[in-house]
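See structure below.
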Amino acid sequence: MGNNGSTRAGRKPSGRPSRKKPADGVSRRALLIGGGAVAAAGTAAVLARDQVKRLWWQVPGVEKPRKPGELDYAGATWVAASEANWRRADRPDDFPIDRVIIHVTQGSFASAVKVFQDPAHQAATHYIVGQDGRVVQMIRELDVAYQAGNRSFNERAVGIEHEGFVDRPKDLTKAMYASSARLTASICARHGIPIDREHIIGHVEVPGTDHTDPGPHWDWDRYMELVRRAATAPPSPTPSASAKA
């Protein structure tokens, strides 16, 4: 060719990497769509495996190993709630536990235990703490207690009732605060829950609730400090029941 002409071989390299040509009869878009389908199938498989993991113990003839009266907290005594007041689960494998919910019974310790054993009540918490510091566990932490009036929070939280009335500050005793703080610190340690007010909340703070507990007299600053101290203290198998404040 003449001086003004050029050949493809004589051009400067553009610096752009060459693109591989798709296989005959297959467009690049089709390859991308196919890759997306493979990724989607992989995601579906992961979700399916996760669902199986959550529900394996519900298969007929298969049951998650349990021992009657087994405690999650060594300082508690076991008293079973009615099975109508909680749902069998496999937490934290099926639902992560990331909240502790603080309740007040609006009644005596004995009346709270009795109510949680009543199938018609349709509600209960995992633990009850008395004014003298005693603790009963009524539902395993791995199970879902009907406690918050909010399904999501029921599934993610461990609930603790406290003996007394929200409008009677004298009901919130020194022994109760100390015992409950040890219990909450233990729950947080077992499940990796941060010790802060985002993760340790009152029933009143649950979205959609019409409850007001633990009420205006619950001393959150005092309680959170006790929980932090308990979290760093040597483990104590049995909470002490000191005199009322």
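Scan the range 80-100 for residues that are out of contact with any helix residue (DSSP H, G or I) (no Cβ under 6 Å at 6 or more places or on another chain), of a type in the set (A, V, I, L, M, F, W, C) and under 27 Å from residue 176 (Cα atoms) and jot them down.
Correct list: 80, 86.
Out of all the residues in the range 148-159, which are closer than 23 Å to residue 222 by Cβ and touching a helix residue (DSSP H, G or I) at 6+ places or on another chain (Cβ under 6 Å)?
158
Of all residues in the range 80-116, which are surrounded by fewer than 14 Cβ atoms within 10 Å (Cβ to Cβ) and free of Cβ contacts under 8 Å to residues at least 60 places away in the same chain?
83, 110, 111, 114, listed by residue number.
Take the range 138-169 and flag every residue that is of a type outside the set (D, E, K, R), in contact with a Pro (Cβ under 7 Å, 6 or more places away or on another chain) and surrounded by fewer than 24 Cβ atoms within 10 Å (Cβ to Cβ).
150, 166
Spot the failing condition for residue 125; the list is (1) free of Cβ contacts under 8 Å to residues at least 40 places away in the same chain; (2) over 17 Å from residue 200 (Cα atoms), and only one is missed.
Of the numbered conditions (1) free of Cβ contacts under 8 Å to residues at least 40 places away in the same chain; (2) over 17 Å from residue 200 (Cα atoms), the odd one out for residue 125 is (2).
Can you name the residue in the range 118-137 that is among the polar types (S, T, N, Q) and touching a helix residue (DSSP H, G or I) at 6+ places or on another chain (Cβ under 8 Å) and, of all such residues, is surrounded by the fewest Cβ atoms within 10 Å (Cβ to Cβ)?
122
Rule-based calculations on the coordinates, nothing more; no lab input. Since this is a predicted model, take the numbers as computed values, not measurements. We place every Cβ from the backbone using ideal geometry, glycine too, and count neighbours over all the protein chains shown.
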